[in-house]
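Heads up: the structure comes next, in structure tokens.
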Amino acid sequence: MKNVKTLALAATAVAAMSSNAFAADRSDLYATDYKWMQFNAMYSIDELPSAGESGHNYLEMEFGGRKGIVDLYGYVDVFNLGNESSGDKASGSGASKMFMKFNPRFSLDAITGKDLSFGPVQELYFSTLFNWGGGAVGEDVNATFWGIGADVNVPWLGKTGMNLYAHYDLNKKEWNGYQFSANWFKPFYFFENKSFLSFQGYVDWQFGGDEDFGNEFVPMSSNGGAAFFGLYWHSDKYALGYGLKGYKDVYLLKDGAGIVGLDTTGWGHYLTATYKF
């Protein structure tokens, strides 16, 4: 599964996302609403965490947009489409068949009716994030994140979403550390047929975690995360891309430790073919 996985945003949304949607027209909350959806056929190589063989195909429905005060991003992954007997999502392995990320943010500018921008910060949000499913074996992930977010104008990258969350584990019913997330979508080379190349990706870094959340089977780290760096070709209806993902004690799972001996630090590769709706 991808975590804060790239905002591999539809090309049709680039123009709408390039400026502060609320600031564009404060007299009408809905004047700059937009929405997008796309299907991604994907294959991962050396995805982590893993307890051995790693690599699988999956179908991803990815979506997002803006409606009034709500800025939304999310996706649903369905793994091992052919129910194959090899790979880390193999039939009979006990691995979850699905994973979902749901990331609604609520504009504080729109809620208060005030321009809260300053310097490179274009808009402020109350941010939430929910991760469901995708467990390797046994218990699925049920992680929630609550905090503050902003759209920040970063040199060259342009509009970059940033969020600082506190993490609440729904399985254990306890707070456990924090997460900083950033995501970007940067078209950087345009062809004569109006297709283009983009650099897109994200960073998710957890810190301040409680190592006592772990056990002898799955020891936990106090910090860890992942970063995804993608190069994609986009047209109006299609996209093709490659992503390199780096992991360090991802999901706060300590690398190579414990009876299970999960690999949680290293590099993974993602191949993507996209159809846009």
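Would you call PHE190 under 21 Å from LYS101 (Cβ atoms) and either out of contact with any Cys (no Cβ under 9 Å at 6 or more places or on another chain) or not hydroxyl-bearing (Ser, Thr, Tyr) (or both)? Answer is no for this residue. I want to confirm something. Restricting to region 190-213 and keeping residues that are assigned to a helix (DSSP H, G or I) and touching a strand residue (DSSP E or B) at 6+ places or on another chain (Cβ under 6 Å), which single residue is modelled with the highest pLDDT? Looking at residues that are assigned to a helix (DSSP H, G or I) and touching a strand residue (DSSP E or B) at 6+ places or on another chain (Cβ under 6 Å), I get GLU211.
For region 203-253, taking the residues that are of a type in the set (A, V, I, L, M) and touching a helix residue (DSSP H, G or I) at 6+ places or on another chain (Cβ under 9 Å), the one that is surrounded by the fewest Cβ atoms within 10 Å (Cβ to Cβ) is identified as MET220. Go through region 158-168 and give me each residue that's crowded, with 17+ Cβ neighbours inside 10 Å and closer than 24 Å to GLY224 by Cα. Hits for region 158-168 are THR160, GLY161, MET162, ASN163, TYR165, HIS167. For region 153-168, the condition of being in a loop (DSSP other than H, G, I, E, B), more than 28 Å from PHE118 (Cα to Cα) and among the hydroxyl-bearing types (Ser, Thr, Tyr) holds for none of the residues.
Restricting attention to region 244-252, does a residue exist that is of a type in the set (Asp, Glu) and not in a strand (DSSP E or B)?
Quick first cut of region 244-252, residues of a type in the set (Asp, Glu) only: 249.
Among the residues that remain, those that are also not in a strand (DSSP E or B) are: 249.
Scanning region 244-252 turns up at least one residue that is of a type in the set (Asp, Glu) and not in a strand (DSSP E or B).
Of all the residues in region 216-243, those that are hydroxyl-bearing (Ser, Thr, Tyr), under 22 Å from SER181 (Cβ atoms) and part of a loop (DSSP other than H, G, I, E, B) number 2.
Just so you know, in region 253-277 the residues that are assigned to a loop (DSSP other than H, G, I, E, B) and of a type in the set (Gly, Ala, Ser) include one that is farthest from the chain's Cα centre (by Cα), and it is GLY258. Is there a residue in region 122-138 that is loosely packed, with under 15 Cβ neighbours inside 10 Å and more than 29 Å from GLY241 (Cα to Cα)? Taking every residue of region 122-138 in turn, at least one turns out to be loosely packed, with under 15 Cβ neighbours inside 10 Å and more than 29 Å from GLY241 (Cα to Cα).
ASP212 satisfies every condition listed in (1) touching a Lys or Arg at 6+ places or on another chain (Cβ under 7 Å); (2) over 23 Å from TYR73 (Cβ atoms); (3) of a type outside the set (Phe, Trp, Tyr) except (1).
The values are calculated or read from the model by the stated rules, or taken from the named source; none is laboratory data. Just so it is clear, the structure is predicted and the values come from calculations on it, not from any experiment. Ideal geometry is used to build each Cβ from the backbone, glycine not excepted, and the neighbour counts take in all protein chains shown.
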